[in-house]
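*Asks:* One structure follows; several queries about it will come next.
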Amino acid sequence: MSDRTTPAAVPDPAVPHSLGDTLAGGWHDRGDDLPPEDWGRRGGSRRTGTVWLFALFITAMALGHAWVTDRLTSEAFLAWATIFTAISFQALPFLVFGVALSAALTAFVPTSVYQRLIPSRPGRAVPVAGASGALLPGCECASVPIAGSLIKGGVAPAAALTFLLAAPAINPIVMIATAVAFAGQPEMVLARFVASLLTAVVVGWVWVRFGRADWLRLPAPTHAPGESRWTVFRESMLHDMMHAGGYLVVGGLAAATINVMVPREWLVTVAGLPVVSVLVLAVLAILLSICSEADAFVAVSFTDFSPTAKLAFMVIGPMVDLKLVAMQAGMFGWRFVVRFAPLCLLVGLLSTFLIGGIVL
């Protein structure tokens, strides 16, 4: 038996063997007996700032609670909550059904179907594309990629753009929702259908006459080539529902706030000016960006405004709003948007005044 003692294994300093080695060995491996001088103070100022911010947040919540508590049961707040809840619950079923149907069209209806329905000549294709919007419904979020698919599939750009405007404005879901919101006012449903279709067709014809190919960027594919139809359906519905639902909530909040917070004499003053009231609700429709399946329930809540002003809210919103401008810019480019959006706004206002003056 050998007298030599087997040397103890020397641990590799680069490989910690335990949590203690990890925590303590870091200094001794470097030959240090004490931790660095700034150990424990690293990030100290940042942590102190976080503590102060948290303390200020708690203080603000306490003060806000003390200030708001007596007002939560006031008549104004109860009226605001009632209006917001009514708008949201009335519009939500139409929104869900419309988004689901729109996603189904995107996923399961091939572009060749639209090509067979729409003539090849742009002048004749425009009114056909406008009328097909009443048969093949889709919300604003879905109409933009559908229009891009039509253009890529060989449909005339003017016809595809007409469908983009008509589908979210006059499809059956929107018309039924309008009839429910404006119960007992069939003239409002008729006025919305005629004014929206007229706007879409006129814009299409103007694009046939003056539109240029270099203004319209060819859209990129919206889904991967190998994705299944059910995957496209699920992704389209989730995307549209999240976006449209969020805008519905914002629109309901804004409508309830306007009805409660804005002094009634201001609304009466603005509503009493025929042209100004139409322009005000048109601008409000652009800013709120409410889904077309739900905008009628918001429009009917503006009780002090004229029927023509409410019509402008429902005609302009599905054709020109902030989310549509962003989506169209992403799909077709800004050179297209800076020409197309003002054209839609101008034609939409003229159609609203014309049809509103005749029907309403």
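Throughout, read-outs are computed from the coordinates displayed, never taken from laboratory work. Owing to the predicted nature of the structure, the values given are computational and were not obtained by experimental measurement. Cβ coordinates were reconstructed from backbone atoms using ideal geometry, including for glycine residues, and neighbour counts include every protein chain displayed.
*Asks:* Could you give the dipole magnitude of segment 259-360 about its Cα centre, charging the beta-carbon of Lys and Arg +1 and that of Asp and Glu -1, in debye to the nearest 20? All intermediate terms of the calculation are to be shown ahead of the outcome.
*Replies:* On the way: 5 positive and 5 negative charges, 58 e Å.
Charge dipole of segment 259-360: 280 debye, to the nearest 20.
*Asks:* Relative contact order of segment 282-341: what whole-number percent is it, with Cα pairs under 8 angstrom and at least 6 residues apart?
*Replies:* On the way: 48 pairs, mean separation 25.1, N = 60.
Across segment 282-341, relative contact order equals 42 percent.
*Asks:* Take residue 75 and residue 268, extend 7 Å from each Cα along the Cα→Cβ direction, and tell me the distance between the two endpoints in nm.
*Replies:* If labels sit at residue 75 and residue 268, their model points lie 1.6 nm apart.
*Asks:* Beta carbons within 10 angstrom, averaged per residue: use that to sort the peptides 302-311, 351-360, highest first. Please list the in-between numbers first.
*Replies:* Details: 302-311: 20.9, 351-360: 18.6.
Packing order, densest peptide first, comes out as 302-311, 351-360.
*Asks:* Ok, one more. Considering every pair of different Cα atoms, what Kirkwood radius, in Å, is found for segment 240-360? Don't skip to the end; give the middle numbers.
*Replies:* Working: mean 1/r = 0.0677 Å⁻¹.
It is 14.8 Å.
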